[in-house]
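The values are calculated or read from the model by the stated rules, or taken from the named source; none is laboratory data. Note that the structure is a prediction, hence the values are computed from the model and not measured. Because the Cβ atoms are built from the backbone with ideal geometry, glycine has one as well, and the counts that use them run over all protein chains shown. Areas reflect the complete protein model, heavy atoms only, side chains present, ligands, DNA and RNA absent. Shrake-Rupley method; radii C 1.70, N 1.55, O 1.52, S 1.80 Å.
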Amino acid sequence: MDFRDRWIRVLHRTATGTRKTRTLLTPIGLAIFGIFTGLFVFLAVFVDRWFSLSWPLSSGLNWLFAASLITIGFGLTIWSATHFLKVKGTPVPFNPPPTLVMTGPYKLVRNPMLTGVFLLLFGIGFAIESLSLVVFFTPLFIFVNIWEIKEIEEPELVKRLGEDYVTYQQRTPMFIPKMRTRK
C-alpha cells in the first residue's frame, strides 16, 4: 500500500471516528493549512525582493483589484464554511460534515471554500504588490490543491459518502460554476 492510500485510509478513519478525536484534530488541521498558505505568501515576498520584481499597476487600480478580490474571497469562504458548520462539520478533512453538503455555494461548485481562498491569495498579491504571488505562487497553490483534491480528498469522499458523492461530482464543477445558457 502506498502513501496516498494510507493517507486516504487515515482521513477516512478519522472522519468516521469519534467526535473527540475529530474535534482535537480540527485546530491542528486549520493551523497546517494556514501555515501552508502563509508559506506561499512568504515565498512570494522573498522572490519579489530577491529578483527585485516591480509591480506593474498604479496603486488606485491595484487597490480596487485587491479590495474586490479580498472581499469576494473572504465572503465566499465564510459563506461556504457556515454551510459546513450548519450540519456539524468543519472545513478540515479530519472533521468534515457527516453528510454531503449541496446547499448555498455548494449548489454551484464542489469547493467554494477553496475558490474563496484562491481569490483571497490573488487579492493579497495585489494588496502587497507581489508580482510573483499573482503570477506564480497563487497558480502553484491552486495546482497543488487540485492535485490534493483529486488524489486524496475526493477518493476519501467517495469512500465515505458513496454514490451520492459520485453523482454530485459528475454534475457539479470543482471551482468555477457552469455558465447556463437560456433556451
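Brief remarks on what is shown
- Average projected area [Cα convex hull, the range 72-151], square nanometres: 5.5 nm²
- Look at (1) 50, 47, 28; (2) 43, 35, 29; (3) 46, 36, 35: the one that is Cα extents along the principal axes in Å derived from this structure is (1).
- Counting only Cα atoms, the range 47-115 measures 48, 25, 16 Å along its principal axes, largest extent leading.
- The range 1-64: chymotrypsin sites (Phe, Trp or Tyr not before Pro) falling in loop per DSSP and having at most 13 other Cβ within 10 Å: 51
- DSSP H segments from the chain that extend 27 Å or more along their own axis, Cα-based, with Kyte-Doolittle mean of 0.0 or above: 19-50, 59-86
- Whole-Å distance, taken between Cα centres, linking the range 88-102 and the range 25-65: 27 Å
- Shown here: the range 1-106, whose C-alpha atoms stretch 52, 35, 22 Å along the first, second and third principal axes, sorted largest to smallest.
- When only the Cβ of Lys, Arg, Asp and Glu is charged (+1, +1, -1, -1), the dipole of the chain relative to its Cα centre reaches about 800 debye.
- Around residue 160: net Lys/Arg minus Asp/Glu count, Cβ-Cβ under 11 Å: -2
- Per-residue extension of 0.36 nm, minus the Cα-Cα distance of residue 140 and residue 19, leaves a gain of 40.2 nm for this segment.
- Computed over protein heavy atoms with a 1.4 Å probe, the carbon and sulfur contribution to the accessible area of the range 21-90 reaches 80%.
- Between the listed residues 101, 127, 71, the Cα displaced farthest toward the positive end of the dipole of the range 41-183, a dipole computed from Cβ unit charges relative to the Cα centre, is found at 101.
- Taken per residue, the accessible surface of the range 1-127 reaches 59 Å², heavy atoms only and a 1.4 Å probe.
- Among the lysines of the chain, pairs that are 8 or more positions apart or on different chains and have alpha carbons within less than 17 Å of each other number 4.
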